[in-house]
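S.K.: Quick one: this structure, given as structure tokens, is what I'll be asking you about.
The values are calculated or read from the model by the stated rules, or taken from the named source; none is laboratory data. Computed from a predicted model, the values in this text were never measured in an experiment. Here Cβ is always computed from backbone atoms with ideal geometry, including for glycine, and neighbour counts include all displayed protein chains. The area values use the complete protein model at the heavy-atom level, side chains included, leaving out ligands, DNA and RNA. Shrake-Rupley method; radii C 1.70, N 1.55, O 1.52, S 1.80 Å.
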Amino acid sequence: MIRVGIAGSGGISYAHANAYLSLKERVRVTAVSDVELERAEALAKYIGGAKVYSNYEDMIENEDIDAVDICLPHHLHKEAILLSIKKEKHIICEKPLTISLSDAEEIESKVKGSKVVFLPAHTNIFIPSTQEAKRIINTGAIGKVLTLRTTDCFRGNVTGWRTKKELMGGGELIDTGYHPTYLILYLANSEPVEVFAYMERFVQKMEGEDTALVLIKFKDNSIGLIHSSWAYDTPYGHQYFSVSGEYGELFGGGNKIGLKMYGWPETKKELTWKDGFLGEIEHFINVIEKKEKPIQTIEDSLKVMKVITAAYKSVEEEKPIRL
Ligand SMILES: NC(=O)c1ccc[n+]([C@@H]2O[C@H](COP(=O)([O-])OP(=O)(O)OC[C@H]3O[C@@H](n4cnc5c(N)ncnc54)[C@H](O)[C@@H]3O)[C@@H](O)[C@H]2O)c1
């Protein structure tokens, strides 16, 4: 039985908690923490009991746990990861890795120099349409990938630490925009070499951008477009992708996937639904227990951070940025 401590008992910790509850034969949340103690108490109650700490530092230092699940505001990810490594705890960490590229590079070398398992919580990698798209791309059915588009847009109401650049590491792109970034890199099957971006703050009251459009040029000459926003809702759901290849186009999101071979009618399929949080946490346990090969690694996190940092630099300097 793997024992987990959750660092931060806010909104997303409940999505993680649900996954742990579904896997209760293999993993147990034995400790939770939050500086707002009532949040930690509520989470402990929700999962049927756990030791409650008033901050993540005390929990990681003192509790006999095997792994830490980091659900903290962005500016605390780095210190929580470093402390977990020091105490030899495995780590699953919510996005983003850190709030700066230099911190991300430091973390990468610390993780690589340690024996702990590190899994970035790249939730959308684990949803059925992503896995099916990757499988179809790898069969060669759509031929060489030409262009890719990933979208994650919803009208939010940004408050609290998310309004501050120094706590976020930027704006929407490094928060929700992190999902379509790791997704496009995962589907691309090539290395990003250049990034160009436009960003705006249209409606939200926050220091950073609420909308980002990011173009990526890949080494194999394919081109990606990330579209992410907290300013508006999109039709067809808030997260979806499309990949145009030489012979056909794949499109999907959630548990839906479609394929349009050029010159032929499109086909659509509904896949068996599996929650991305359940998928990532089950994978985390499999990597620890069964030494399963991690689907996403610290290198993938670093690559995402490089693209996002280049996108911010591109906006600042009003030009494309070579990676
Ligand atoms: N995968 C997803 O779809 C998804 C969705 C939302 C958020 N997230 C990520 O999850 C993380 C948390 O986001 P959230 O929306 O749950 O934020 P939140 O503000 O709801 O929760 C964060 C919690 O951390 C607590 N905290 C602050 N300092 C602490 C400390 N020293 N020790 C313990 N707890 C402390 C806060 O009091 C708060 O309750 C972020 O990294 C965010 O990007 C991911």
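S.K.: Outside any helix (DSSP H, G or I) and either of a type in the set (Gly, Ala, Ser) or open to solvent by less than 20 Å² (accessible area, probe 1.4 Å) (or both) - does that describe any residue in the stretch 280-293?
M.R.: Scanning the stretch 280-293, I find no residue that is outside any helix (DSSP H, G or I) and either of a type in the set (Gly, Ala, Ser) or open to solvent by less than 20 Å² (accessible area, probe 1.4 Å) (or both), so the answer is no.
S.K.: Take the residues in the stretch 159-176 that are of a type in the set (Val, Ile, Thr) and surrounded by fewer than 24 Cβ atoms within 10 Å (Cβ to Cβ); name whichever of them is nearest to residue 311 (Cα to Cα).
M.R.: Looking at residues that are of a type in the set (Val, Ile, Thr) and surrounded by fewer than 24 Cβ atoms within 10 Å (Cβ to Cβ), I get 176.
S.K.: Just give me the residues in the stretch 50-62 being surrounded by fewer than 21 Cβ atoms within 10 Å (Cβ to Cβ) and either charged (D, E, K, R) or assigned to a strand (DSSP E or B) (or both), in sequence order.
M.R.: Hits for the stretch 50-62 are 51, 52, 57, 58, 61.
S.K.: For residues that are more than 9 Å from the ligand (Cβ to nearest atom), assigned to a loop (DSSP other than H, G, I, E, B) and free of Cβ contacts under 8 Å to residues at least 40 places away in the same chain, scanning just the stretch 1-49, find the one that is surrounded by the most Cβ atoms within 10 Å (Cβ to Cβ).
M.R.: The extreme case among them is 47.
S.K.: Of the residues 17, 104, 7, which single one is modelled with pLDDT of 95 or more and either of a type in the set (Lys, Arg) or over 24 Å from residue 174 (Cβ atoms) (or both)?
M.R.: Answer to the selection: 17.
S.K.: Taking residue 150, is it surrounded by 15 or more Cβ atoms within 10 Å (Cβ to Cβ) and in a strand (DSSP E or B)?
M.R.: yes
S.K.: Let me ask something else. Go through the stretch 223-247 and report how many residues are small (Gly, Ala, Ser), surrounded by fewer than 20 Cβ atoms within 10 Å (Cβ to Cβ) and over 19 Å from the mean Cα position of the chain (by Cα).
M.R.: 1
S.K.: Among the candidates 125, 81, 137, 99, which residue alone is open to solvent by 40 Å² or more (accessible area, probe 1.4 Å), β-branched (Val, Ile, Thr) and not in a strand (DSSP E or B)?
M.R.: Going through 125, 81, 137, 99 in turn, the sole match is 99.
S.K.: While we're on this one: Only one of 211, 272 is of a type outside the set (A, V, I, L, M) and closer than 22 Å to residue 129 by Cα; which?
M.R.: 272
S.K.: Additional query: Can you confirm whether residue 132 is of a type in the set (Asp, Glu) and either assigned to a helix (DSSP H, G or I) or open to solvent by less than 30 Å² (accessible area, probe 1.4 Å) (or both)?
M.R.: Criteria met by residue 132.
S.K.: Quick one: residue 112 ticks every box in (1) away from the ligand (no atom under 12 Å from the Cβ); (2) free of Cβ contacts under 8 Å to residues at least 40 places away in the same chain; (3) basic (Lys, Arg) except a single one, so which number is it?
M.R.: (2)
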